[in-house]
1. Treat each spin label as a single point 7 Å out from the Cα along the C-beta direction, and report the Ala84 to Ala58 distance in nm.
2. The list (1) 27.9; (2) 32.3; (3) 26.8 gives values of mean projected area of the Cα convex hull in nm², and only one came from this structure; which label was calculated from it?
3. Label points 7 Å out from Cα along the Cβ direction at Glu241 and Asn229: separation in nm?
4. What is the calculated FRET efficiency for Glu30 to Thr193, with r their C-beta to C-beta distance and R₀ = 45 Å, to the nearest 0.05?
5. Which FRET efficiency value, to the nearest 0.05, do you get for Asp310 and Glu463 by plugging their Cβ-Cβ distance into 1/(1 + (r/R0)^6) with R0 = 35 Å?
6. Find out how many positive minus negative residues lie around Val137, taking Lys and Arg as positive, Asp and Glu as negative, among other residues whose Cβ is under 10 Å from that of Val137.
7. Pairing the Cα long axis of helix 4-18 with the longest principal axis of the chain, what angle in degrees results, from 0 to 90 and rounded to the nearest 10?
8. In degrees from 0 to 90, rounded to the nearest 10, what is the angle of the helix 459-468 Cα long axis to the longest principal axis of the chain?
Amino acid sequence: MLSHNALQYTLNHLLAVALPTEPALDCRVERADGGVNVRFAGGWSLRIALLGDDEARALATGEAAPVMLSTADGREQVPLFRPASGSASATPGVRVSPDGHELCVPYDLVTPSFLMLSRWEEYQESPRDQHNRFPYVSGIAAQYGFIHLPLVDEYAMLLRQWVTEILRPDITLCPRIPKVVPTHDIDQLCRFTGTMQACKSIFGRDLLINRSLDLVRNSWEEFRCWRENPQQDPYILAVEELVNRARSRHEEAVFFLKAQTKGEYDCTYDVNDALVAHIVKMIRDAGMEVGLHGSYRSYDSPEIYCAEKDRLEAVAGTAVQSGRQHFLRFNLLKNYVNAGFSSYGGQDSRLMMEITHPSTLEVWQAACLRDDYTLGYAEQPGFRCGTCHPYPLYDLVNDTPTNILEHPLILMDGTLFDYLKLGLEESGELITRLRNRCRAVEGDFVYLWHNHTVGRNYRGFYEMMDAIM
């Protein structure tokens, strides 16, 4: 059973997407027998069904049988779940009460939405991948096949349709303007670090692996330019290209930089390198945001994460308020070890546990992070959180929303050509579908494109993305 805080949190998101007004609608949430009532100022209300406990467990384990309905724009099919007491009809079954003041929705829009927004499934003990990440195949989005649909937002748009067509055709909405939000992880600052390394890259990769004389010629010219001026390294120039592209389209791009020092695990560049200061200035001068790309081991270590945040702030000369974890590492499960036994109240002896690694959410809270852009799957594009609207993450342990605003990641470049092995045409079709769903629900298409995948044999994918946007 969802707590009152969970109900309020989930309905706040659903109503903000479904019924955006100025000022915001004033309402009161009340649990009712078999459902939840939302009472608005002005004497009208919504009654939304809630699944029973056993039905909610079946939903969470992929054993429920959904009813498939058309999305509000009629372009896709979306799964909805209704209590067993409801009709099995495939029609919506939404009705207005006899007095004309209440809209009755026989589907549970709340429980599936809370599971997705809170990332409830990631608090459960389940297999993790080699990077200790919750895998896409373990989630309900995979089990019910809706990863390419922003489920929560689709529910909100259906709710908008029902309210405005059936109950309140007079309501004045202020639709949100959807945005494209380019984000860029600077995993590698430079392509070239020395002559020997450059020769290995050019002749080892471009010639022997990629078997391309054109790549060899282009790479050799890039190497020559780098030797004359390190700021002409192709990965540095790629950052400049990404900055200029976002500025020309009036997009608010975010660039995430690592903040490690030499000798640290997985350090690919030193945050104190003059080239880091060079690109930070380039980004900030263009009015773009610099965020922290938390290193591989920072996702469960407040000490590492806060130290990196302090270093990047020193280089940037300003507070760093946004972050994304390297490798999209995110874990809500704490790790514990035995800390011995302790007497409690002079009676029984109880096993005491000590936290060895906090959750990623706790790491971010310790660092006072304001915005995060981590939550998307590396192996599958789509809507990990069920939404493409920024929203506050939920602390299930303390049953309360946090102050950290999540900007869900919809697509990563490497997902297309490294994980899914898609070609240009298939990639273009998938990107277009995801972008269209974001627009349909007035949400943001947040995508990740690395600076090292702007050129060379990735250029076709980058230009394809650029054309679609």
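1. 0.6
2. Label (3) holds the value from this structure.
3. 1.7
4. 0.10
5. It comes to 0.35.
6. -2
7. So the helix axis and the longest Cα principal axis differ by about 70 degrees.
8. Helix 459-468 sits roughly 40 degrees off the main axis of the chain.
The values are calculated or read from the model by the stated rules, or taken from the named source; none is laboratory data. Just so you know, these numbers come straight off a predicted model, no measurement behind them. With ideal geometry, Cβ positions are generated from the backbone for all residues, glycine too; neighbour counts draw on all protein chains shown. Only protein heavy atoms, including side chains, enter the accessible area calculation; ligands, DNA and RNA are left aside. Shrake-Rupley method; radii C 1.70, N 1.55, O 1.52, S 1.80 Å.
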